[in-house]
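The values are calculated or read from the model by the stated rules, or taken from the named source; none is laboratory data. The structure displayed is predicted, hence computed values, not measured ones. So basically every Cβ, Gly included, is an ideal-geometry build from the backbone, and we count neighbours across all protein chains shown. Heads up: the accessible areas ignore ligands, DNA and RNA and are worked out on the full protein's heavy atoms, side chains in. Shrake-Rupley method; radii C 1.70, N 1.55, O 1.52, S 1.80 Å.
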Amino acid sequence: MSLSSFRLGRRYVLLCAALGIAACGSEQDITPAESPSFPAGFPEPIYSYRNNPVTEEGFELGRALFYDPILSKDGSVSCGSCHRQEAAFADPGSPVTQGVGGKEGSRNTPALANLRWSRAFFWDGGGNHLELVPLAPITNPLEMGENLSSVIRKLNRDPEYVQAFRKAFQHRDTVNSQQLFRALAQFMGELVSAGSPYDQFQNGKAEALTPEQKKGLVVFKGKCGTCHQPGLFTDHSFRNNGLDADTPQDTGRHLVTESPTDVGRFKVPSLRNVALTSPYMHDGRFGTLQQVLEHYDTGVRRSATLDPALDGPTPGIQLSQAEKRQLLAFLQSLTDQSFIGNKRFAAPRP
Amino acid sequence: MKSLMPRQAALLSIILTLMLSFSCSEDPEAVPQSGEVTLVFDHVVGNFPLSLEDLEYTNANGDGFRVSKFQYYISNLVFRKADGTEYHQPESYYLVDESIPSSKLVSVKDVPPGDYSGLSFTIGVDSARNVAGAQTGALDPANGMFWSWNTGYVFLKLEGTSPQSKNGGLVFHTGGFQAPHNSLRTVSLPFLAGQKLRVEASRTPRVSLSADVLRLFQGVNTIRFSELSSTMGGANSVKVADNYTRMFTVGHMRE
């Protein structure tokens, strides 16, 4: 059975399961228009699923792959080793990555959520398509250290995977990399976080935020919101938020464009679930949100590419003690328990 | 809805068949059948054939070098008739690899019949496919012609060694499809004076296309291996790309 939309499919399957209706063999009487495929207030997603309609089988396959170290060279590292659900798919406590053989990378593992709304991936935006993102960790010698043809060979030697791929993509052929990427994209695409107290507040539930958090929201909108635009909590731009004065070793966006004006710019990260994703920034240099606020208040360094929004007679964003408390309270309200607790996103039982 | 599909499709195909048979019976001349053309890629270094076996060559700057790998993408083949009409091959992507003989024979099917006076193609993979997500066949990233950290295809790879190179190695990987670092180049090659490529159902003509490795390093930009021995996209890749516009020549045509 091929379903045209996953939400449709999921509800439908649940309905069938719950009611045990025999007539569920046909999809005729469900109108897609009734089931918006993304949260209210979000724009149209960039990754539309048009070429990769989500099915239960495809999603489950993507989930199995995400948690399977078969994608790494020595079978020791899975996507889920670095992207941990309890930390909103960031890597709690590790400033930079540890890959195969304990090799250390140079960047902090970002949280994963609402990826269908991103146009560019990685801290420098070097990835241009959700489907192809996994190729980077799989082939990075410091992460999974594997090559793609070898992964495809391993999957084709595993009868259970071959079966699962055939079911998910409706064919009788061998597994190819497009199917691997599309299954992973189905899983990653479904990682939608929009159920935090902040969202409940937006949806009209006034008591979802504490008075302190409501004050924090106001401060946030005024002082942080141009870059971390509420909704997705990023404006998808690349900016220098003043971490370093001199040319840093990791030049960020410049690595992609080679443009001198991009030295030190990094993607504005979403702040959804940010209370769970410590440490912070592209190199994981700050361990706490308190330190992040101190950085914006007094630590911003001038450089040729410092963002104009942070430049001035005294660079940075001046914050009173009260404002810091309010902001910290507000940032907690972006934690989405229904997201980190969603069993569908957890490692499948073997 | 789903169960109706096959029925609708069946109906549609019946109607189409009827329409086709009518139009055929009204038109005395049957639609002429299309033909096949084989492009034969051949790699040389100046006057010598390219060998990946330890032969030493010399570039325009007098630098010695050996080649261990030579691969490139050809996309969007266009066959042009003398009257200016063109045939654009759909899904036209090929990875040519010196080390894989079969990759150097590109057979192009379903070319409309007629006399063609030239062809053109793009060196690299067009920008649309660079941003279209996971692809298959020649464009499968498992072919190793793909950058993951800065998403996009590698258009051409030449690897080897040179005593003039600072670290001894040569790694010229070109790619990048966005200004100002666009390494896509389209080449347009008229067939030799007066020669026509006749395409019809009964024959499979062969066109030989020769790529001269030396021309990667000369022409618009003379490349000195002491100064430039490695490119990974970006501005340096464009220097090589400006040269490879003139890398190909059309040789003879055979039946």
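Among the residues of segment B:209-233, those that are within 14 Å of chain A (Cβ to nearest Cβ) and either out of contact with any helix residue (DSSP H, G or I) (no Cβ under 9 Å at 6 or more places or on another chain) or among the aliphatic types (A, V, I, L, M) (or both) comprise B:M232, B:G233. Residues that are facing chain B (nearest Cβ under 8 Å) and in contact with a Gly (Cβ under 8 Å, 6 or more places away or on another chain) were ranked within segment A:122-132; the one that is most open to solvent (accessible area, probe 1.4 Å) is A:N128.
Among the residues here, A:A136 qualifies as among the small types (G, A, S), open to solvent by less than 40 Å² (accessible area, probe 1.4 Å) and facing chain B (nearest Cβ under 8 Å).
Of all residues in segment A:304-344, those satisfying the criterion of being without any contact (Cβ under 8 Å) to a residue 24 or more places away in the chain and open to solvent by 60 Å² or more (accessible area, probe 1.4 Å) are A:P308, A:D311, A:P313, A:T314, A:Q318, A:Q321, A:K343. Among the residues of segment A:246-262, just one is open to solvent by less than 30 Å² (accessible area, probe 1.4 Å) and more than 14 Å from every other protein chain (Cβ to nearest Cβ), namely A:P248. In segment A:151-160, the residue that is nearest to A:G58 (Cα to Cα) out of those that are in contact (Cβ under 8 Å) with a residue 40 or more places away in the chain and surrounded by fewer than 17 Cβ atoms within 10 Å (Cβ to Cβ) is A:D158. As a summary of the residue check, A:T174 satisfies the conditions (1) modelled with pLDDT under 95; (2) open to solvent by 70 Å² or more (accessible area, probe 1.4 Å); (3) not small (G, A, S) except for the one numbered (1). B:A179 meets each of the listed conditions (1) in contact with an Asp or Glu (Cβ under 7 Å, 6 or more places away or on another chain); (2) open to solvent by 50 Å² or more (accessible area, probe 1.4 Å) apart from (1).
Restricted to segment B:45-79, and to residues there that are of a type in the set (A, V, I, L, M) and open to solvent by less than 30 Å² (accessible area, probe 1.4 Å), the residue that is farthest from the chain's Cα centre (by Cα) is B:V67. All conditions in (1) among the charged types (D, E, K, R); (2) open to solvent by 30 Å² or more (accessible area, probe 1.4 Å); (3) more than 28 Å from A:R116 (Cβ to Cβ) hold for A:D283, with the sole exception of (3).
Of note, A:E86 does not satisfy the criterion of being of a type in the set (D, E, K, R), assigned to a loop (DSSP other than H, G, I, E, B), more than 10 Å from chain B (Cβ to nearest Cβ) and open to solvent by 20 Å² or more (accessible area, probe 1.4 Å).
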